[in-house]
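Visitor: The structure that follows is given in the form of structure tokens.
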Amino acid sequence: SNVGGILRHQRSSLSVNIFLEGADQELCKGRAEALKKIKIAVLDSGITASHPDLRGAIDDGASFVGGDWQFDWIGHGTHCAGIIAGAQGGIAPGARLYIAKVLKDNNTSGRGSKDSSEAEGGGDLVAGLRWAMDKGVDVISMSVGGDRYDDEVYQVVMKALKRGIILVAAVGNAGNMKKRNIIFPASIEGIIRVGSHDALGNASPFSSVGGIENDFCALGEKVLSTSHNGAHENMDGTSMSTPAIAGVCALLLAYDRYLNPEGRHKIKNTHCMKYVLREFSKNNLGDKRMGQGKLELDHAFSFSDYFQGILND
């Protein structure tokens, strides 16, 4: 179907096809097996757990705002989860999802709009982060945030970073309007901050910049993914770019663990992950909104010696 074609095309822009189905079949099989052990927490509005593309991907979930984590009235969390691990279009199909519902069902700011979903106060986010840490996740994807600094969130984020969890967060969709408009918690030093580019790889005009550096960009315009009514829909925003980068982080962790098993793996924390991602990023125009730029992973996924060399650095 056309939906399948678009999803495959989106996925191929991050070389997922090479990761899963490249020329070296043994390598691809080993990476795919390793990917099944990677746990990713999605802190968002819950998930439509019955979605055919997501049913097999979810290991656990909890709600920190009341209501059922397996029900996603806004659709924001379902869309993000599909970008990470949807059977048809996910960047990291096979990775295990842990769903923390931190946005209330009546929080419509993120519904298919360019406004980042705000977690009400910091408490819900704190509880979600703690739960994810208790579950032993490898990656935490946060397409949530707001303008207000919250010390409790900051402390828990620092604890998660110290523990070696990869934290990825959306910079927000305030464009170039004011000097310091990268939202919290993406503004915390150490988190991987994600902005948006369009289908041609140009920075999206709505992608927040200012005050601090953006790290990386992924597709955040007309992104097709799983919808809360069981079908697929397009959404825009850095909320959509963030799970794409979280999915790439899962691929790179799996690759590393396959090549360097038994606790010898090299990507030990978010700092190491940023270094590796930087090696595969291109910002030819030097556009500040793009951070380190757009990811180009085909070479790394095709040649394990090349990837191992970067890991050894």
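Visitor: Within region 40-63, work out how many residues are surrounded by 21 or more Cβ atoms within 10 Å (Cβ to Cβ), more than 21 Å from L7 (Cβ to Cβ) and not hydroxyl-bearing (S, T, Y).
Guide: Total satisfying the criteria: 4.
Visitor: Also: Just to confirm my filter: which strands (runs of 3 or more DSSP E) fall fully inside region 1-118 and include at least 3 residues that are at pLDDT 95 or above and over 30 Å from P205 (Cα atoms)?
Guide: Hits in region 1-118: 58-63, 96-101.
Visitor: Let me ask something else about it. Give the residues of region 220-232 that are in contact with a strand residue (DSSP E or B) (Cβ under 7 Å, 6 or more places away or on another chain) and either assigned to a strand (DSSP E or B) or buried (at least 17 other Cβ atoms within 10 Å of the Cβ) (or both), sorted by residue number.
Guide: Hits for region 220-232 are G220, E221, V223, L224, S225, T226, S227, H232.
Visitor: Do the conditions hold for K37, that is, is it among the charged types (D, E, K, R) and open to solvent by less than 60 Å² (accessible area, probe 1.4 Å)?
Guide: So K37 fails the test.
Visitor: Anything in region 265-313 that is in contact with a Ser or Thr (Cβ under 6 Å, 6 or more places away or on another chain) and of a type in the set (F, W, Y)? List them, or say none.
Guide: Answer for region 265-313, where residues must be in contact with a Ser or Thr (Cβ under 6 Å, 6 or more places away or on another chain) and of a type in the set (F, W, Y): just F301.
Visitor: Counting only residues that are among the aliphatic types (A, V, I, L, M), give me the helices (runs of 4 or more DSSP H) lying completely in region 247-313 with at least 3 of them.
Guide: Result: 270-279.
Visitor: Looking at region 68-82, which of its residues are open to solvent by 10 Å² or more (accessible area, probe 1.4 Å) and either touching a strand residue (DSSP E or B) at 6+ places or on another chain (Cβ under 7 Å) or closer than 19 Å to L253 by Cβ (or both)?
Guide: Once the filter is applied, which keeps residues that are open to solvent by 10 Å² or more (accessible area, probe 1.4 Å) and either touching a strand residue (DSSP E or B) at 6+ places or on another chain (Cβ under 7 Å) or closer than 19 Å to L253 by Cβ (or both), region 68-82 yields W69, Q70.
Visitor: Given the conditions (1) in a helix (DSSP H, G or I); (2) crowded, with 24+ Cβ neighbours inside 10 Å, report the number of the one that C217 does not fulfil.
Guide: The failed condition is (1).
The values are calculated or read from the model by the stated rules, or taken from the named source; none is laboratory data. Since this is a predicted model, take the numbers as computed values, not measurements. Here Cβ is always computed from backbone atoms with ideal geometry, including for glycine, and neighbour counts include all displayed protein chains. When the accessible area is computed, the model is the full protein with side chains, heavy atoms only, and any ligands, DNA or RNA have been set aside. Shrake-Rupley method; radii C 1.70, N 1.55, O 1.52, S 1.80 Å.
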